[in-house]
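The values are calculated or read from the model by the stated rules, or taken from the named source; none is laboratory data. Predicted model only: the values in this text are computed from it and were never measured. Please note: Cβ atoms are built from the backbone with ideal geometry, for glycine as well, and neighbour counts cover all protein chains shown. Keep in mind that these areas ignore ligands, DNA and RNA; they rest on the heavy atoms of the full protein, side chains included. Shrake-Rupley method; radii C 1.70, N 1.55, O 1.52, S 1.80 Å.
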Amino acid sequence: MKLTRRNFIASVVGGAVGIQITPLPWKFTDDVAIWTQNWPWVPVPPSGEFSEVSSVCTLCPGGCGISVRKVEERAVKIEGRTDYPVNPGGICPLGMGGLQLLYDESLRFTGPMKRVGMRGSGEFQRITWREALDIAGARIAALRKEGRPEAVAAVDGNGEGTTASLLIQRLMQAVGSPNYVRPASLSDTYRMGNILMQGRDAPIAYDLENSDLIVSFGCGLLEGWGAPGRVLNAWGMWHEGNPAKRKVKIVQVESRASNTASKADYWVAAKPGTEGALALGLAHVIIRSGRYDAGFLAEHAFGFDDWQSRDGVVHTGFKTLVLKNYAPEQVSRITGVRPDAIVKLAGMFMDAKSPIAIYGKGKNELNGSLYEFMAVQSLNALAGRINRVGGVLLPDPLPLNPLPHFECDEIAAKGLEKPRLDRAGTKAYPFSHSLIHKFAEAINGSRKSPIDTLLVFSANPAFTLPDGGAFETALKKIPFVISFSPYRDETANMADLILPDCVYLEKVDDIIWPVGLQYPLYGLSKPVVDPIYDTRNCGDTIINLSKAIGKSVGAAFPWKHFTDVLKERAKGLYDAGGGLVRFNPAAPPWVAKGAGSKTGFKSFDDMWKKLEAGGMWYRPAEQQRDWSWLFKTPSGKFEFYSQRIEQAIRSGSTKEMRITVQGDEACMAHYEAPAQDPDRTAYPLTLFPYEMINLASGWIPSPPFLYKTIFDTQLLKDTSFAAIHPGTAGQYGLKQGDLVSVESPAGAVKVRVDLFEGAMPGRVYMPLGFGHTGYDEFLKGKGANPNAIVRAGEDPVSGYPVWWTTPVKLVKA
């Protein structure tokens, strides 16, 4: 098969009607392996003995199993593992192209380095690891000696709850700084919503494989949402056999005709940011018809009906709110979806045996709206789809051991008492643990940066944050930046010191519960090759850095190697009892309490040995858990009316929390209309960045070969395209391929016009992942980054950036 753009995309998304995704490794990987030999930095491997090494991919939070083929010591091919529960045989384009992230020397840092050129120039000089650790340790130790430990900050892009992430937090605590921040992601929205409605600080668990109707409110199922290998595998299952007899139907709610929307059974084009209103419109129809799960609502839900508090005040319930404000005609005016379509979709949801509504915003890289999530989750609760097969499951968190407690010294204790720069956890943002955009705002708003030394781990905020370049501006004000990135990304190029991590194929790392998975899974990657360059596992570097800072900080890190920490945490899995370390394809983990429930290990050492070999520990999904103590909310039930939000409002105010409604409505799912923008007259259109499965848009760079898969209507030479409806383009006198400037109050970028009937009128759609100024010649200078012109608002309650409402205009170049 010849590798072309079109047959690649056809393989990714199912191609033309009738072509289905299968869980088998894609044939064209062979062609890619041949094609890439033409690049000078991918030499033809010598003849020798073949071997296969099993590991887990950590390029995204999906945690798919991978099998790496080697010739002697050189890795030559990556495929999806058929013996891994998350993605039986499936693999996404990014995971398949990972070898190029391993062997491209011009993409990576080859050892510790210090800056010798201007900030951002990427000019560095090699130094030894001893020198690098001494420089970093002395800098932080000096700040502690001055009594300013809070002037050290860390940006952490590792998965939440991973061992590397916990070590970074521990380092900041031992140093004495409260300024630990993370880029907001969809997982943060899920976790906050789960806490407010279910009282559980646990990942979202969507039982997709057992559902017969999936209503996706914005999830890019074929764009890389969740665990991409899992979703592609499930999509193949859903489309098996005679199309006329298919039992599973998929509805995609999204304003643009994405691959998911195009391949779904039904596409509902709601205006961006109105998905929550649509979910409430469906709820209205269901409540009006009386076809909701009265038993679940009576026994396990709080706040559905009007209720009276202990002080005698009568409160409005979810039922009253929805019936009053979200009739199909009202919702149609908000969303642009016809009333009859709303009624029809609600009917489908009521008629299905195992429906589920899932919420997302593209992949997992960017956060969503809290009230939108609450609206979608309320729809599931209304239909009794909580703690039910094919619905939203409520498993317990992974029983990993916590890291041991340590005592902070006096310097650290005083530093930790200082307020956070990002104001997370204050009355204005009571449920947020981190607000990286507010962190940058605080630095940019100060005459002198309150941060002296910034540590950046597994993140590229100068490129990935939807902030119109605010973080990059903040970087320029911070006196000293230390990057632990293995890649020459935009943020690393702004650093003064580089302590490079290994890439994922060179190190051991863990994966905590892939996004959206309905059963608990702990993944463990392993090195498939020795480090090619003079790089070190970031976990080991953190331990060594703690010693370089000083005895008191080093005492908080009693381990010699990162693997010692991993093993200590994994002991909790063994102590909890149960769990599997081998996958039996005949007993899929989504088939509750299936065959093969024996653990397969006799002792912890035996479990650890098999965990290292197979890279997995998991518990199959439970059919339905005992309702006792299942919800950890103040009411002990699923809360349509969040009492935690009510308590937060009483402590502060709706105005301080940016909530536009008053009273009981603020504590329930509702539609928050965007504030009237004074710039809307000058900027009449709305920018909507979108993600693609064959283009990395987060911290990890795209493997260069993926650019071979980009259509000429997405990137032509060095210019990317914006998808615009022909009617909208016509208002500006634009035709296909015209060069235009997309301008917002935050800046401007130049793109070409792609006339696309699948774009909603009045919107400008730009792909995320283009516009790099870092990395190598294959990625640098290709297209425009929409994040550079985003002017984000703030989500009510969470405070996360609202990145889908930026006003823009088009100016013909």
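This table checks each residue for (1) under 25 Å from residue 632 (Cα atoms); (2) open to solvent by 50 Å² or more (accessible area, probe 1.4 Å); (3) not charged (D, E, K, R).
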site: 367; (1), (2), (3): yes, no, yes
site: 373; (1), (2), (3): yes, no, yes
site: 395; (1), (2), (3): yes, no, yes
site: 400; (1), (2), (3): yes, no, yes
site: 403; (1), (2), (3): yes, no, yes
site: 406; (1), (2), (3): no, no, yes
site: 420; (1), (2), (3): no, yes, no
Of 585, 620, the only residue that is part of a loop (DSSP other than H, G, I, E, B), touching an Asp or Glu at 6+ places or on another chain (Cβ under 8 Å) and not assigned by TED's automatic domain parsing to the domain that holds residue 307 is 585
Exactly one of 381, 375 is farther than 24 Å from residue 805 by Cα and either touching a residue at least 12 places away in the same chain (Cβ under 8 Å) or out of contact with any strand residue (DSSP E or B) (no Cβ under 9 Å at 6 or more places or on another chain) (or both), and that residue is 381
From the option list 747, 737, single residue qualifying as free of Cβ contacts under 8 Å to residues at least 24 places away in the same chain, open to solvent by less than 40 Å² (accessible area, probe 1.4 Å) and on the phi > 0 side of the Ramachandran plot is 737
Review point. Within the bounds of segment 455-464, is there any residue that is surrounded by fewer than 23 Cβ atoms within 10 Å (Cβ to Cβ) and farther than 19 Å from residue 496 by Cβ?
Key: no
Reported set for segment 302-339 where residues are surrounded by 14 or more Cβ atoms within 10 Å (Cβ to Cβ), without any contact (Cβ under 8 Å) to a residue 24 or more places away in the chain and more than 34 Å from the chain's Cα centre (by Cα) is 305, 306, 320
Of the residues in segment 350-372, those that are over 21 Å from residue 691 (Cβ atoms), in contact (Cβ under 8 Å) with a residue 12 or more places away in the chain and out of contact with any Leu (no Cβ under 6 Å at 6 or more places or on another chain) number 5
Taking segment 698-717 and keeping residues touching a Lys or Arg at 6+ places or on another chain (Cβ under 7 Å) and under 11 Å from residue 751 (Cβ atoms) leaves 715, 716
When every residue in segment 266-292 that is among the basic types (Lys, Arg) and part of a loop (DSSP other than H, G, I, E, B) is compared, the one surrounded by the fewest Cβ atoms within 10 Å (Cβ to Cβ) is 291
* Evaluate segment 101-116: report whether one residue or more is open to solvent by 20 Å² or more (accessible area, probe 1.4 Å), basic (Lys, Arg) and in a strand (DSSP E or B). => yes
Of the residues in segment 797-809, those that are open to solvent by less than 10 Å² (accessible area, probe 1.4 Å) and touching a Gly at 6+ places or on another chain (Cβ under 7 Å) come to none
Going through segment 45-77 in order, the residues found to be in a strand (DSSP E or B), farther than 21 Å from residue 609 by Cβ and open to solvent by 30 Å² or more (accessible area, probe 1.4 Å) are 50, 69, 74, 76
Notebook entry, point to check: Are any of the residues in segment 169-179 open to solvent by 10 Å² or more (accessible area, probe 1.4 Å), of a type outside the set (Lys, Arg) and within 25 Å of residue 796 (Cα to Cα)?
Noted result: yes
The condition of being at pLDDT 95 or above, more than 27 Å from residue 493 (Cβ to Cβ) and aromatic (Phe, Trp, Tyr) holds, among 756, 711, only for 756
Might you let me know whether segment 780-796 holds any residue that is touching a residue at least 12 places away in the same chain (Cβ under 8 Å), open to solvent by 10 Å² or more (accessible area, probe 1.4 Å), under 27 Å from residue 374 (Cα atoms) and not in a loop (DSSP other than H, G, I, E, B)? yes
Condition set among the charged types (D, E, K, R) and open to solvent by less than 70 Å² (accessible area, probe 1.4 Å), scope segment 619-659, selection modelled with the lowest pLDDT: answer is 625
Q) Does residue 411 satisfy being touching a strand residue (DSSP E or B) at 6+ places or on another chain (Cβ under 7 Å), of a type outside the set (Ser, Thr, Tyr) and either open to solvent by less than 20 Å² (accessible area, probe 1.4 Å) or modelled with pLDDT of 95 or more (or both)? A) no
Turns out the helices (runs of 4 or more DSSP H) fully within segment 298-394 with at least 3 residues that are aliphatic (A, V, I, L, M) are 318-325, 339-351, 370-382
Residue hits (segment 503-522; assigned to a strand (DSSP E or B) and either under 18 Å from residue 206 (Cβ atoms) or open to solvent by 10 Å² or more (accessible area, probe 1.4 Å) (or both)) are 509, 511, 512, 516, 521
Checked segment 757-770 for anything in contact with a strand residue (DSSP E or B) (Cβ under 7 Å, 6 or more places away or on another chain), part of a loop (DSSP other than H, G, I, E, B) and open to solvent by 10 Å² or more (accessible area, probe 1.4 Å); matches are 762
* Asked: Is it the case that some residue within segment 470-480 is charged (D, E, K, R), under 27 Å from residue 189 (Cα atoms), assigned to a loop (DSSP other than H, G, I, E, B) and not assigned by TED's automatic domain parsing to the domain that holds residue 807?
  -> no
Counting only helices (runs of 4 or more DSSP H) wholly inside segment 183-265, the ones holding at least 3 residues that are farther than 25 Å from residue 93 by Cβ, open to solvent by less than 10 Å² (accessible area, probe 1.4 Å) and not hydroxyl-bearing (Ser, Thr, Tyr) are 186-198
| request: Would you mind stating whether residue 615 is in contact with a strand residue (DSSP E or B) (Cβ under 6 Å, 6 or more places away or on another chain), modelled with pLDDT under 95, open to solvent by less than 30 Å² (accessible area, probe 1.4 Å) and within 30 Å of residue 234 (Cβ to Cβ)? | output: no
Result of the Cβ filter at 9 Å on segment 233-244, keeping first residues that are under 10 Å from residue 208 (Cβ atoms) and partners that are among the charged types (D, E, K, R) and in a helix (DSSP H, G or I), at least 6 apart or interchain, is 234/209; 235/263; 237/209; 238/209
Scanning segment 530-587 for residues that are polar (S, T, N, Q) and either open to solvent by 60 Å² or more (accessible area, probe 1.4 Å) or within 17 Å of residue 605 (Cβ to Cβ) (or both), the one modelled with the highest pLDDT turns out to be 563
